[in-house]
Amino acid sequence: MTLASLLTRIAPALLALVAATPAFAGGIGYVGGGGLRTQPVYWYLDGDANEQYRQNQKVAMMSHGLEFSLGDRDERFLGFFRAYWLREGAEKDPSLFVANVSSDEVVAAWRDAPRDVGMFTLGMSIGVIGQPKTVMGTIVADVGSGFLTVDHSEFLQAEVGPGITWMAVRGVQVYGNAAYAVRWRKGFMNGVSGYAGVRYLFD
């Protein structure tokens with residue numbers, strides 16, 4: 001094969017490669033959620049400052065925000081970045097959960113009002129059954145942080161659980177997932193979360 005014939009064969013491919021425009025695949029959407037997690041509340045008995053008690057209370061959560069995704073809508077793998085506002089419920093008087101202890105005997109500084117947290121997470125949705133173009137069962141995992149708090153109690157978080165996607169129309173995907181959540185701030189806290197949303201995927 002001569003050099004001229006070789007160039008003749010590869011020239012169209014080289015020309016197409018040089019002239020090709022960058023391809024972008026991803027999306028943007030809305031995500032909302034809710035859940036329940038444990039929250040440690042520390043307290044003392046009045047007149048006895050030598051022994052500290054720890055009580056794990058259940059705190060409700062709700063959230064909503066934006067999701068930015070990266071990946072082809074026809075593939076089973078989709079990466080995402082979620083930035084959202086999270087509202088956590090108030091803590092309760094520890095004496096409500098302890099027999100034979102009144103509120104007057106409890107010395108504690110529990111949070112008696114909801115609080116707002118700025119959240120971000122990075123994660124991936126992996127299709128395990130079904131088809132991306134129709135309905136698909138997924139495994140969703142993410143890690144992130146409550147990076148913006150009013151009381152300087154920032155934390156790390158990781159979640160994993162099952163999900164489902166439905167391509168309602170071309171490029172518009174409705175999704176939901178449930179997750180077991182682990183939070184770290186001076187110790188582990190556990191919880192469950194659920195998310196639902198809609199994303200517009202372009203490629």
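The values are calculated or read from the model by the stated rules, or taken from the named source; none is laboratory data. Predicted model, so just to flag it, every value in this text is computed and none were measured. Only protein heavy atoms, including side chains, enter the accessible area calculation; ligands, DNA and RNA are left aside. Shrake-Rupley method; radii C 1.70, N 1.55, O 1.52, S 1.80 Å.
Here are the numbers for the structure shown:
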quantity: Nearest-ten-degree value, helix 3-19 long axis tilted from longest Cα axis of the chain; calculated: 40
quantity: Stokes-Einstein D in µm²/s, Kirkwood radius over Cα pairs - the stretch 85-148 at 20 °C with 1.002 mPa s viscosity; calculated: 135
quantity: Convex hull volume per residue in cubic angstrom - Cα atoms of the chain; calculated: 175
quantity: Amide H within-cut-off set for Gln57, under 5 Å, with H built and near neighbours excluded; calculated: Gln39, Val41
quantity: Value of relative contact order over the chain, rounded to a whole percent, pairs C-alpha under 8 Å and six or more apart; calculated: 21
quantity: Computed [θ] at 222 nm, deg cm²/dmol, the chain (DSSP H ≥ 4; -39,500 (n - 2.57); rounded to nearest 500); calculated: -3000 deg cm²/dmol
quantity: Extension gain from Asp104 to Phe147, taking 0.36 nm per residue of separation minus the Cα-Cα distance; calculated: 11.9 nm
quantity: Gained length - Asp93 relative to Tyr42, 0.36 nm times residue gap less alpha-carbon distance; calculated: 17.3 nm
quantity: In sequence order, calculated HN-Hα J values of the stretch 59-68 (Karplus, 6.51, -1.76, 1.60; Hz; x Gly/Pro); calculated: 10, 7, 9, 9, 8, 7, x, 10, 10, 10
quantity: The stretch 56-173, accessible surface, carbon-and-sulfur percent (1.4 angstrom probe); calculated: 66
quantity: In order through the stretch 182-194: 3J(HN,Hα) via Karplus (6.51 cos²θ - 1.76 cosθ + 1.60), integer Hz, x for Gly, Pro; calculated: 10, 10, 10, 7, 6, x, 8, 10, 10, x, 10, 9, x
quantity: Accessible surface, per residue, of the stretch 112-188 when the full set of protein chains is kept, probe 1.4 Å, Å²; calculated: 53
quantity: Value of Rg/Rh across the stretch 116-181 [Cα atoms, Kirkwood radius]; calculated: 1.11
quantity: Rg over Rh [alpha-carbon atoms, Kirkwood Rh] for the stretch 30-141; calculated: 1.21
